[in-house]
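Shown next, in C-alpha cells, is the structure this report addresses.
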Amino acid sequence: MWSSRDLTDWLVHYGTSQEEFNFIKNSAMFMLPDDHNNSARYIYKAELHRLEYGKQYFYKIVSEQSPDIQSSVFSFKTLDPKKDRERSLRFITYGDMGSTRSAVTVKSIQQYHDTHPLDAILHIGDFAYDLMSDSGKVGDDFMKEIQPIASTIPYMTSPGNHEIPGDFLSYRIRFSAPGIDWPMPLNKLWYSFDIGLVHFISYSTEVYFTYMESSACEQFDWLKADLEKANQNRDKTPWVIAFGHRPMYCSNTVRDDCSNATMRRWVKQGLEPLFHAFGVDLVLQAHEHSYERLYPLVNGIVERFNYTNPRAPVHVITGAAGSMEGTNFMRRDPEYWSAVQQDKVGFNSYGVLDIINRTHIRYTQIEATDNSTLDSFILQQDNHGPFVHGASCQNGHSNLHYCSCILPLQRIIIGVVLLAVVAILLIVCVILGVYYSSNRCNKNKMAYKKFRTKHCFKSCCFTYRHRFYQLPSDERDSQSLLNGEVC
Ligand SMILES: [Fe+2]
C-alpha cells in the first residue's frame, strides 16, 4: 500500500533479485476525499501473486506513464507453511502510536528485527493521532514513519477509538486485511489468520462505542463461528490469540476506562464469556498508554496465580508505543488480578511475542528508549482447547453466557424496563398499604372514633393507629379523647 498526491497509474515491479524484477502488477486506487481545502490524496494497493514459499522478494513502485519516477527498493520474505509450521515465531505487539512519537519505537523495532527476525507486527489500534487529521497529512507522516518496518514485515492491525472519525474511512483505506475487500467495509473491521502454530483474531472493540451497534452482533456471530472452527483445528494451530484495542480490565487512574465504567463493561460483557468458553489463550489489548499484565482470569476472578496450564485467558495491555496524549498512570492500589504494571513519563515500549513451540509462549515487554526488558513471562499450555468443557453454540446449543449477543442499547432498554417494573410494584404496594390501613381504621372506629373523624381517611392513618395501640389498653379511650393531637 502507498499513497500519492497525484493521480497516477502505478505499477509494482517485483522479483527475487534486486537487479531483475520479473513480475509486474498493476494497482487499485481509492481517493481519500479532500475535507479542509487541501488537495485530495490517492491511496493505492497491489496484491502480488505467484509468490513462492520461503523466498526473499524485492519490489518497487513505478509510474506507468513515467517509468523514471519510482520508489526505493523494498523487500520481504514469504513464509513457508511446511517449514514454518513448527518453528518458533516472533511477533511485535503494541498500540497507541502517534505520528511524531513513533520514531523511538520504530527504530528499536528495526534494531530488534536486524538481530531477531520478526514474522509480523500487530498494531492494536490508535494510529497517528489521527490518520485523517490535517486533511490526511498526519496520516501521511505516520505511514512514512512506519515505512521501514511496515514495508518489510506484515503489518496487521485492529481499529481503535482514534480511527472512528469519518466512519473509520482513513483506517479502512490505509490498511487492508486478509480475505476482506478493500477498502475494508464498515461492518467488517475484524478478521483472523493463521501463522505457524497460531490462530490470530483481530477484533474491533469500537463496535460497542459507535452507532453501528448491529455490528457488535455481526462481529459476535463471526467470532463465535471463527472460534468454533479454530477449536476444530487446534492440532495445527494450538494457540489462539486475540487482539483488540480497548481493554476489559486495567488498573489505570482513568475512571472512564478502568473503574465503574459502563462503557468498559460493554466490551467485557460482550466478549469475555465467548473468549473464555472457547479457550482464547492470550488477549492483547492497548488504549491505556502503559503496560499491564494480568493473571489468568474470568469475570474478575483469578483462575490461578501462575501461567501454567491456565483455564482462563491471560490479558496483556500494551498501549505505550508513543501516544500523543502522554502516559496513563497506574492506580497505587491495583486489583488482585493485576500481576505487573508499568508507567512513567514519556513511556515508549512494545511487546515481543515469541511462539516457542506448541506448549510455550514467551511474552516480553521492551523499553524502546534503551531496549531494556521491562517484563517477561512464559505462558505454558499443555491442554489447548475450550476452557468451558464441551463449549459449542452449534446444533441448537444455546448458552446465554457465550452464545448470545446482547447489544449495549438492548441492555439499556432492558435496564429501563426492569426499573419501570420495580417502580410499578412499589406504587402498587403503597396503594394496597393505604387501602389496608383505611379498612383497619374503619373496623376499629368505635375504639378511636375521634381519630377516625379527624384522621382516618388521611394518608397518615396508619401512623396514628400504630401510636394509638402502643398505649396501655386502659388509657386508650381517655388518651384518644384527650390527645387526639398526639397524632
Ligand atoms: Fe484508544
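Output the residue which, of all residues in region 284-299 that are out of contact with any Asp or Glu (no Cβ under 8 Å at 6 or more places or on another chain) and of a type outside the set (Asp, Glu), is nearest to Ala391 (Cα to Cα). Here the answer is Leu284.
His123 - would you say it is within 13 Å of the ligand (Cβ to nearest atom) and outside any loop (DSSP other than H, G, I, E, B)? So His123 fits the description; yes. So which residues in region 114-138 are over 24 Å from His245 (Cβ atoms) and not charged (D, E, K, R)? Of everything in region 114-138, those that are over 24 Å from His245 (Cβ atoms) and not charged (D, E, K, R) turn out to be Thr115, His116, Pro117, Ser135. List, please: which pairs have Cβ atoms under 6 Å, are six or more places apart or on different chains, and start with a residue in region 245-260 that is away from the ligand (no atom under 12 Å from the Cβ) and end with one that is at pLDDT 90 or above and among the small types (Gly, Ala, Ser)? Close Cβ pairs satisfying both conditions: Ser251/Ser338. Contact map, region 181-204: first residue free of Cβ contacts under 8 Å to residues at least 24 places away in the same chain, second residue of a type in the set (Lys, Arg), Cβ cut-off under 7 Å, separation 6 or more or different chains; pairs are Met184/Arg172. Among the criteria (1) more than 19 Å from His199 (Cα to Cα); (2) within 16 Å of the ligand (Cβ to nearest atom); (3) surrounded by 21 or more Cβ atoms within 10 Å (Cβ to Cβ), the one Met324 does not fulfil is (3).
Here's the yes/no breakdown for (1) within 25 Å of Gly279 (Cα to Cα); (2) of a type outside the set (D, E, K, R):
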{"residue": "Met156", "(1), (2)": "yes, yes"}
{"residue": "Glu163", "(1), (2)": "no, no"}
{"residue": "Ser170", "(1), (2)": "no, yes"}
{"residue": "Ile173", "(1), (2)": "no, yes"}
{"residue": "Ala177", "(1), (2)": "yes, yes"}
{"residue": "Leu197", "(1), (2)": "yes, yes"}
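The strands (runs of 3 or more DSSP E) located wholly in region 4-116 that include 1 or more residues which are outside the structural domain of Ala128 (by TED's automatic domain parsing) and touching a Gly at 6+ places or on another chain (Cβ under 7 Å) occupy 23-26, 28-32, 41-45, 56-63. Among residues of region 146-166 that are at positive phi, those with a beta-carbon under 7 Å from a residue that is away from the ligand (no atom under 11 Å from the Cβ) at least six positions away or on a different chain give the pairs Gly166/Met132.
This table checks each residue for (1) away from the ligand (no atom under 16 Å from the Cβ); (2) not polar (S, T, N, Q).
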residue: Thr318; (1), (2): no, no
residue: Arg331; (1), (2): yes, yes
residue: Val352; (1), (2): yes, yes
residue: Thr359; (1), (2): yes, no
residue: Glu367; (1), (2): yes, yes
residue: Thr373; (1), (2): yes, no
residue: Pro386; (1), (2): yes, yes
residue: Ala391; (1), (2): yes, yes
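Of the residues that make up region 234-248, is at least one surrounded by fewer than 24 Cβ atoms within 10 Å (Cβ to Cβ), more than 15 Å from the chain's Cα centre (by Cα) and closer than 16 Å to Trp337 by Cα? Taking every residue of region 234-248 in turn, none turns out to be surrounded by fewer than 24 Cβ atoms within 10 Å (Cβ to Cβ), more than 15 Å from the chain's Cα centre (by Cα) and closer than 16 Å to Trp337 by Cα. Keeping to region 66-91, report how many residues are more than 27 Å from Phe243 (Cβ to Cβ) and surrounded by 11 or more Cβ atoms within 10 Å (Cβ to Cβ). Total meeting the criteria: 4.
Among residues of region 133-168 being of a type in the set (S, T, N, Q) and either within 16 Å of the ligand (Cβ to nearest atom) or in a loop (DSSP other than H, G, I, E, B) (or both), the one that is modelled with the lowest pLDDT is Ser133.
The values are calculated or read from the model by the stated rules, or taken from the named source; none is laboratory data. Note that this is a predicted model, so its numbers are computed, not measured. Positions of Cβ are backbone-derived with ideal geometry, glycine not excepted, and every protein chain shown enters the neighbour counts.
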